[in-house]
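Working notes, beginning with the structure itself.
Each reported figure results from applying straightforward, stated rules to the coordinates on display, with no laboratory input. These numbers come from a predicted model, not from an experiment. Don't worry about glycine lacking a Cβ; one is built from the backbone with ideal geometry, like all the others, and counts go over all protein chains shown.
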There are 2 protein chains.
Amino acid sequence: MSAATTHDPLTRSVEDYLKAIYNLSPEGRPASTSDIANHLARSAPSVSGMIKRLSEQGLLEHEPYRGVQLTAEGRRAALRMIRRHRLIEAYLVAFLGYTWDTVHDEAERLEHAVSDALVERMADALGNPGADPHGEPIPSADGVIEEVAVTPLALVPAGETVELRRVEVTQPDRLRYLGSVGLRPGATVTVLEHQPFEGPITLRVGEQERVIGYDLGQALLCDRSVTR
Amino acid sequence: MSAATTHDPLTRSVEDYLKAIYNLSPEGRPASTSDIANHLARSAPSVSGMIKRLSEQGLLEHEPYRGVQLTAEGRRAALRMIRRHRLIEAYLVAFLGYTWDTVHDEAERLEHAVSDALVERMADALGNPGADPHGEPIPSADGVIEEVAVTPLALVPAGETVELRRVEVTQPDRLRYLGSVGLRPGATVTVLEHQPFEGPITLRVGEQERVIGYDLGQALLCDRSVTR
DNA sequence: CTCGATTATTAGCCGAGCCTAATATGAGGA
DNA sequence: TCCTCATATTAGGCTCGGCTAATAATCGAG
């Protein structure tokens, strides 16, 4: 009997692993055991064990000592969770007074509990948005995710004006700070100066000049095609 | 070390047991192992085992071979879950296009995943309703539940007019039927005739006469104080 | 090419929460 | 009172998903 064709519902834990592996393997390069362990705050042996189970279920391709990749089925499941997560975040912000710094944890739990029907009702209520409050693209219900070419602010040359698209930050305090200075998806930002050796970056946002650290500059992803 | 003072978050399973026990022990009479097992679709030994763990945690009082009762702490936890469940049902019906026959399962899963903060935001969005879509009273956030004297329609004498308050029915098809004939909380109903031996009951609802089975008549709870 | 450091896997354990089979208790009829 | 039957509990086992300790594989430096 082929395990890959059996479809009991995935457990919470499995859903978390698949999502983590998706996030850790950009363009299909394999994710390492230790990266996954770190990301999920699990011991490496726990991850090894789960990897074995998931490969047997046909959700992963595992090359021992080399890392794992999602199969088509695993990828589908991961994208389903990401769609849920991002739509839930968008819904909570739009309708229930959440702010972008407080939605993550709530969505993290709800994504495992909502039905497909509820997710689609939330999507309808929102008018089927393309992105969540942080600018992260929302995969379609059939698992297609928009891939936009985007540049970390840290790599945008001084003098260039770009549009902020995604804010890949999860710490609530950082998000609150970014929101308070107008660094949200859609903001127009001009890079004024880069300090050397991965040093701070000076920006203009609206009328204000701001200086941000290099690490934050890596987490702010921009669209350079709007350069003026 | 007192187990009763330790407060790790309750598991899903524990939350379900507490809710079931609450529902099975009206005015504090003990609930039996087999009732609980039936209600939750678990084997009796599974229930015995869980009862042992929950009493050790101080959530239950267990008298072996006699049944269980919730402690104050267990009752508080149960009412918290019931508040969640009913508010979620109300929210889904009010804002996301659910109908009273489809909300139960969704709420059953969500009640374990939402935060207290989200529950209260939903309550605010609804204007702090006193009852869910089936007319079941919603406990307050501090665990007080309204106890209204209510009579099963099956016990209302012929000739009397009453207001329907609660519909204690869970099967979706029955709920759809009841909704389609106007038998919802708030409806005014006149009992026209009772057939003997727990037989069908003839009613007037609005302009229509309807005949319902005795079992349904037991699940429709009325307020007789509005008799005219 | 070998060695040491890093990373991954295996071995073996645990608790939660389910199960079935076996046993114990208690309640009602003879 | 005693016996039978329904109900409850105990015994023992399983899976999932964690863990630590021990072992194995790979990689990079010399």
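So the values come out like this:
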item	result
For A:LEU192, inter-copy label distances in nm, listed shortest first [label point 7 Å out on the Cα-Cβ vector]	8.2
Other-copy label distances relative to B:SER13, 7 angstrom Cα-Cβ extension, nm	1.3
In order through the range B:69-82: 3J(HN,Hα) via Karplus (6.51 cos²θ - 1.76 cosθ + 1.60), integer Hz, x for Gly, Pro	9, 6, 7, 4, 5, x, 5, 4, 5, 5, 5, 4, 5, 5
Within the range A:116-228: Cβ-based charge dipole about Cα centre, in debye rounded to nearest 20 (Lys, Arg +1; Asp, Glu -1)	420
Aspartates and glutamates with Cα under 18 Å of B:LYS52, excluding same-chain neighbours fewer than 8 positions away	B:ASP8, B:GLU15, B:ASP16, B:ASP35, B:GLU61, B:GLU63, B:GLU73
Positive-end residue, the protein assembly as shown charge dipole about Cα centroid, Cβ charges, pick of B:ALA37, A:PRO200, A:GLY179	B:ALA37
Folded to 0 to 90 degrees: helix B:44-56 orientation relative to chain B principal axis, Cα	60
Per-residue ³J(HN,Hα) for the range A:160-165, Karplus 6.51 cos²θ - 1.76 cosθ + 1.60, θ = phi - 60°, Hz, x for Gly and Pro	8, 10, 9, 9, 6, 10
Dipole-positive endmost among B:ALA123, B:ALA149, A:PRO26 within the protein assembly as shown (Cβ charges, Cα centre)	A:PRO26
Student exercise, the range B:113-181 dipole from Lys, Arg, Asp, Glu Cβ charges, in Debye to nearest 20	340
Residue-averaged [θ]222 nm for the protein assembly as shown, counting only DSSP H segments that reach four residues, each worth -39500 (n - 2.57)	-12500 deg cm²/dmol
Distance (nanometres) between label positions extended 7 Å along Cα→Cβ at B:ASP116 and A:ARG29	4.5
Whole-Hz ³J(HN,Hα) from phi, Karplus 6.51 cos²θ - 1.76 cosθ + 1.60, for the range B:97-106, glycine and proline x	x, 7, 10, 5, 8, 10, 6, 4, 4, 4
Dipole moment magnitude, nearest 20 debye, the range B:1-158 about Cα centre, only Lys, Arg, Asp, Glu C-beta charged	400
5 angstrom amide H check on B:LEU60, placed H, neighbours 5+ away	B:SER55, B:THR71
Under 15 Å from the B:PHE197 label point (7 Å along Cα→beta-carbon), backbone N, the range B:209-228	B:214
Identity and axial distance of the chain A residue whose Cβ lies nearest the axis relating A to B, Å	A:ALA113, 2
Label spacing, shortest first and in nm, from A:ALA125 to its equivalents in the remaining copies (7 angstrom along Cα→Cβ)	0.3
Sparsely packed chymotrypsin sites (Phe, Trp or Tyr not before Pro) within the range B:152-218, loop by DSSP, other Cβ within 10 Å at most 13	B:PHE197
Potential extension, A:GLU56-A:ARG174 segment - 0.36 nm per residue separation minus Cα distance	38.5 nm
